[in-house]
1. Which of the residues that make up the stretch 263-321 are among the polar types (S, T, N, Q) and buried (at least 16 other Cβ atoms within 10 Å of the Cβ)?
2. Name the strands (runs of 3 or more DSSP E) wholly within the stretch 109-220 that hold at least 2 residues that are open to solvent by 20 Å² or more (accessible area, probe 1.4 Å)?
3. What number of residues within the stretch 247-275 are among the hydrophobic types (A, V, I, L, M, F, W, C) and under 23 Å from LYS201 (Cβ atoms)?
4. Looking at the stretch 242-291 only, could you name the residues that are part of a helix (DSSP H, G or I) and touching a Leu at 6+ places or on another chain (Cβ under 6 Å)?
5. Here is a check on your reading of the model: is THR384 farther than 30 Å from SER142 by Cα and touching a helix residue (DSSP H, G or I) at 6+ places or on another chain (Cβ under 8 Å)?
6. Within the stretch 80-108, which residues are of a type in the set (S, T, N, Q) and either assigned to a loop (DSSP other than H, G, I, E, B) or without any contact (Cβ under 8 Å) to a residue 24 or more places away in the chain (or both)?
7. If I filter the stretch 23-41 for residues that are part of a helix (DSSP H, G or I) and at pLDDT below 95, do I get at least one hit?
8. Exactly one of (1) free of Cβ contacts under 8 Å to residues at least 60 places away in the same chain; (2) outside any helix (DSSP H, G or I); (3) surrounded by fewer than 20 Cβ atoms within 10 Å (Cβ to Cβ) is unmet by ILE69. Its number?
Amino acid sequence: MLQRFARTATFAAALLAAGVVQAQTVKIAFIDPLSGLMAPVGQNQLNSWRYVADLANQKNWAGGPKFEIVGFDNKLSPQESLTILKQVIDQGIRYILQGNGSSVALALADAVAKHNERNPGKEIVYLNYAAVDPDLTNSKCSYWHFRLDANGDMKMEALTSYLAKDKNIKSVYLLNQNYSFGIAVAKAAKEYLARKRPDIKIVGEDLHPLAQVKDFAPYVSKIKAAGADTVITGNWGSDLALLIKAAKDAGLNANFYTYYASTTGVPTAMGSAGEEKVKYVGYWNANNEKFVGADVVAGYKKKYNDDYYTMATYTGIAMLAKAFKETKSTDPVKVAAALEGMKVQSLNGEVEMRKTDHQALQPLYIAKWVKVNGKDVRFDQENTGYGWKTEALLDTYVATQPTSCQMQRPK
């Protein structure tokens, strides 16, 4: 009788435990700028994570657990981010999101790895959705860090493969932000162009302070004086919007090859002046060949009166949901193990989280700024009447890079 009672109690406890897992809400900390010059980008991306999380909750992607995204303003500061990380840990939050600024990403990845080593049972998983310094999945890779975006070298490989086919390009100016990512963009541009188009001249190069320049007219004057027909820039946020505005005001007749021209503020700064001149390389285009994700774009616009462009938010929630479902757990240790090598169907096709370095492998797009035509360009940005036309869709293998990561896995 006692044995039967014990078995029944154990079974009931197991069911109760399963029910707790099934019904729980998993809080995820978003640590990015929500004030200052880069706030518009950060707010858009916070809303993007929340929109996809709500979508996953409604459709029960995770098989029980729900997602809640909690926003924290790091003011684009590595030190502020580390302070927030301590608050997040104290609140019992076990998952963090960050993407704006590779200097922040490098600090967080290191701090998370050290915390997890010193605090078994309280591990944190870090999803990086936009910080693309190649070192993060090479020499400074971490088991607890997962990058959802293509890294800077992957994007430059795709961008220069496309650019190299344009024989009209003779002279290039490199303008980038003066921190790890911007420096990496300039380095990769020089190396890849030398290999693919040694006839192209680099006629000028500048690095400027991150999120501090309010007038790019002096830089545009240097670009004009150098006679550049093309500008390559990894700038993002206000640094790209203000650069494009200055180029428009000065009548600079040059092509811009960018990473982030589809991000908040840049479309408005370009307007008609950017038509046919501005291109970006990225993992998705809302005006893709089959308009996959059109429902997300339309739903996001309706809810926030804004544009959905950070598609890594969809990939990230899809991967977490699949890991929760497969492991029947929200424990970061089990989830991290499940994320290694995972493949999900995202809005841009299949995305694989490469096990060796936790770098997402995915197709890449080259898109050009043109007028909306209702055919291959249906979605505009920032109500400008202009949107992005797909110029090239590169299969995953084209931009995939080898890795030097020596992953140290927990015992």
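The values are calculated or read from the model by the stated rules, or taken from the named source; none is laboratory data. Model, not experiment: these values are computed from the prediction. Every residue, glycine among them, receives a Cβ derived from its backbone with ideal geometry; neighbour counts consider all protein chains shown. What goes into the accessible areas is simple: the full protein's heavy atoms, side chains included, and nothing from ligands, DNA or RNA. Shrake-Rupley method; radii C 1.70, N 1.55, O 1.52, S 1.80 Å.
1. At the first step, the residues of the stretch 263-321 found to be among the polar types (S, T, N, Q) are 263-264, 268, 272, 285, 287-288, 305, 310, 313, 315.
Once the filter is applied, which keeps residues that are among the polar types (S, T, N, Q) and buried (at least 16 other Cβ atoms within 10 Å of the Cβ), the stretch 263-321 yields THR263, THR264, ASN285, ASN287, ASN288, THR310, THR313, THR315.
2. Working: elements: 125-128, 145-147, 171-177, 201-208.
Correct list: 201-208.
3. Our first condition is that a residue be among the hydrophobic types (A, V, I, L, M, F, W, C); within the stretch 247-275, this holds for 247, 250, 252, 254, 256, 261, 266, 269-270, 273.
Those left that are additionally under 23 Å from LYS201 (Cβ atoms): 247, 250, 252, 254, 256.
Looking only at that region, the number is 5.
4. Filtering the stretch 242-291 for residues part of a helix (DSSP H, G or I) gives 242-250, 266-274.
Hit for the stretch 242-291 is VAL266, nothing else.
5. Working: farther than 30 Å from SER142 by Cα: yes; touching a helix residue (DSSP H, G or I) at 6+ places or on another chain (Cβ under 8 Å): yes.
Answer is yes for this residue.
6. Within the stretch 80-108, the subset of a type in the set (S, T, N, Q) is 81, 83, 87, 91, 98, 100, 102-103.
The answer is THR83, GLN87, GLN91, ASN100.
7. Filtering the stretch 23-41 for residues part of a helix (DSSP H, G or I) gives 23, 39-41.
Next, from what is left, pick out any that are at pLDDT below 95: 23.
For the stretch 23-41, residues part of a helix (DSSP H, G or I) and at pLDDT below 95: present.
8. (3)
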